[in-house]
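S.K.: Got a structure for you, questions after.
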Amino acid sequence: MKALILVGGFGTRLRPLTLSVPKPLVDFANKPMILHQIEALKAIGVNEVVLAINYQPEVMLNFLKDFEAKLGIKITCSQETEPLGTAGPLALARDKLIDDSGKPFFVLNSDVISEYPLKEMIEFHKSHGGEASIMVTKVDEPSKYGVVVMEETTGQVDKFVEKPKLFVGNKINAGIYLLNPSVLDRIELRPTSIEKEVFPKIAAEKKLYAMVLLGFWMDIGQPRDYVSGLRLYLDSLRKNNSSKLASGPHILGNVIVDETAKIGDGCLIGPDVAIGPGCIVESGVRLSCCTVMRGVRIKKHACISSSIIGWHSTVGQWARVENMTILGEDVHVGDEIYSNGGVVLPHKEIKSSIPNPEIVM
């Protein structure tokens, strides 16, 4: 089987992290976002993944070369010269997706993190005999999204309602699809939306079916959702009794710590923290609801909450970093500095406090 991952553009919502690497290579729970998806696809027998991309394809490919061999899966790029939306890239990659087998192929949105019940999705797709299957997830506030109106028992999709003012349902498109090759005949090579143009036509012919995604789901394409997504991901590890979770007297709740990270005495870490490879956390540090990426040093008695600390950055002694502060790569926060929601671009030294949320160039 094959799969297409919609990698897309510049990842502006996750800047300053995406100023250093393309968005799918930003670490999430100690490995690049896109690797969570590629591993899930490999696990159910997908042997070729096509990345639909219009930004820095060589960076992506060079990085993923190592994983091709490690995972035993073929990874290729289909490069757009202009943004083609969410359906155009399928037309562009047509020759890579179609072979003589006639098997359906997966399409995934690269920002989505979930438990990826792809095996169940294949069974569901076979059982209904339609042309396309989409995964949907239940949300509390459907008015912010495009809602999928469906027949509850069979899963047959009736229609899509964009940002409904009145309640029509609480299931939204989860960005994971399984499509028959015939769907490609419906897509022209131009900027076009699969959600707004392609799926409604298939639904009108009663050939589109939706499967409700159980377990967690999050689009982690922006910082607040990234931090929430980490909580849900770690929670899911806990439910599955994963050995990846750290334990010990200094750990509170769900935490993952890379085996090469060093943690000093008297720290309190958690809940919902990821500490990456080669990090040094000195004594008396307090971490909660945050991601600390590869090679970061956090000095004595610093306190970090609800923030993302980018690669190879330093947080000084007794510093306090909170409220969705995002440090890009190689940012150095001085001793006793306070950051309240500062968004700091790479290679910067912070010598004075950031009392209110602002972007620091």
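The values are calculated or read from the model by the stated rules, or taken from the named source; none is laboratory data. This one's a predicted model, so the numbers in the text were calculated from it and none came from an experiment. Backbone-built Cβ (ideal geometry, glycine too); neighbour counts: all protein chains shown. Side chains included, ligands, DNA and RNA excluded: accessible areas come from the protein's heavy atoms. Shrake-Rupley method; radii C 1.70, N 1.55, O 1.52, S 1.80 Å.
S.K.: Which condition number in (1) part of a loop (DSSP other than H, G, I, E, B); (2) touching a residue at least 40 places away in the same chain (Cβ under 8 Å); (3) among the hydroxyl-bearing types (Ser, Thr, Tyr) is the one that residue 242 fails?
M.R.: Exception for residue 242: condition (2).
S.K.: Can you list residue pairs whose Cβ atoms sit under 7 Å apart, with the first residue in region 12-24 being within 18 Å of residue 312 (Cα to Cα) and the second being at pLDDT below 80 and among the aromatic types (Phe, Trp, Tyr)? Count only pairs 6 or more apart in sequence or on different chains.
M.R.: Final answer for the pair search is 18/10; 22/55.
S.K.: For region 162-183, check the following and say yes or no: at least one residue is charged (D, E, K, R) and free of Cβ contacts under 8 Å to residues at least 12 places away in the same chain.
M.R.: Going residue by residue through region 162-183, those that are charged (D, E, K, R) are 162-163, 165, 171.
From what is left, the residues that are free of Cβ contacts under 8 Å to residues at least 12 places away in the same chain are none.
No: region 162-183 contains no residue that is charged (D, E, K, R) and free of Cβ contacts under 8 Å to residues at least 12 places away in the same chain.
S.K.: Same structure again: Could you list, in sequence order, all residues of region 236-251 that are open to solvent by 50 Å² or more (accessible area, probe 1.4 Å) and farther than 17 Å from residue 31 by Cα? Reasoning before the result, please.
M.R.: To start, the set of residues in region 236-251 that are open to solvent by 50 Å² or more (accessible area, probe 1.4 Å) comprises 238-241, 243-244, 247, 249-250.
Across region 236-251, the qualifying residues are 238, 239, 240, 241, 247, 249, 250.
S.K.: Output the number of the condition that residue 66 fails; it satisfies all remaining conditions of (1) open to solvent by 40 Å² or more (accessible area, probe 1.4 Å); (2) closer than 30 Å to residue 292 by Cβ; (3) under 20 Å from the mean Cα position of the chain (by Cα).
M.R.: Condition not satisfied by residue 66: (3).
S.K.: Looking at region 17-106, what helices (runs of 4 or more DSSP H) fall wholly within it and have at least 3 residues that are at pLDDT below 80? Don't jump to the end; show me each part of the working.
M.R.: Details: elements: 33-43, 57-71, 88-92, 94-97.
Result: 57-71.
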